Amino acid sequence: MGGQLVAYSLYTAALGVTAAIDLRYRYIYSIVTAPALLIALVLSPSQTGLDLHDTLLGVAVGVGLFGAFYLIGRLLYRDREPVGKGDIELAAVIGAMVGFPRVVSALFLGSFANGLVIVVLLLARRKGRMDFIPYGPGLCLGAFTTFFMTP
């Protein structure tokens, strides 16, 4: 239990820092996501009960899903970046933290949380349809929530 607590504490710190930076500066920095990915690749198989296969598959699914969103968005909105490249990196980190198949739940919950925020902002007329809304904090919330879900 001690190793699992350390792993999830480090994950929570990385997600909190990522969310705060994205809210403040509208950017997800690789200087945060790269070490978080390395830590998750080491700790998830050794401390959280995931095997290496599920950890690596979680990374692949996270990158694959958000990479697909990026490519589809670029085709639809040629002049705007639909999903930031940092969001793709964050999806990889989340995949390493929670593994497969929980990465799907984490990314869904994060996207759902972002969708709720967008609807509220649109209804309150604080943001327009094409305004920037940071996606990282919702993804971090989805990952954090997934920590408490049974595998």
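Values as computed for the structure displayed
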| quantity | calculated |
| --- | --- |
| With Cα atoms, 0 to 90° folded angle of helix 85-98 axis to the chain main axis | 30 |
| Förster radius 22 Å - calculated FRET efficiency between GLU81 and SER30, Cβ distance, rounded to 0.05 | 0.85 |
| Principal-axis tilt of helix 136-147 within the chain, Cα atoms, nearest 10 degrees | 30 |
| Charge dipole magnitude, Cβ of K and R +1, D and E -1 - the stretch 2-147, Cα centre, debye nearest 20 | 620 |
| Rounded to 10°, Cα long-axis angle of helix 102-123 versus longest principal axis of the chain | 30 |
| Low-density loop positions, chymotrypsin sites (Phe, Trp or Tyr not before Pro), the stretch 54-151 - DSSP coil, at most 16 other Cβ in 10 Å | TYR77, PHE132, PHE148 |
| Inter-centroid distance (Cα atoms) of the stretch 47-76 relative to the stretch 99-124, Å | 16 |
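FYI, it's all coordinate maths here, none of it is from the lab. Because the structure is a prediction, the values reported are computed rather than measured. Cβ: placed from backbone, ideal geometry, glycine included. Neighbour counts: every protein chain shown.
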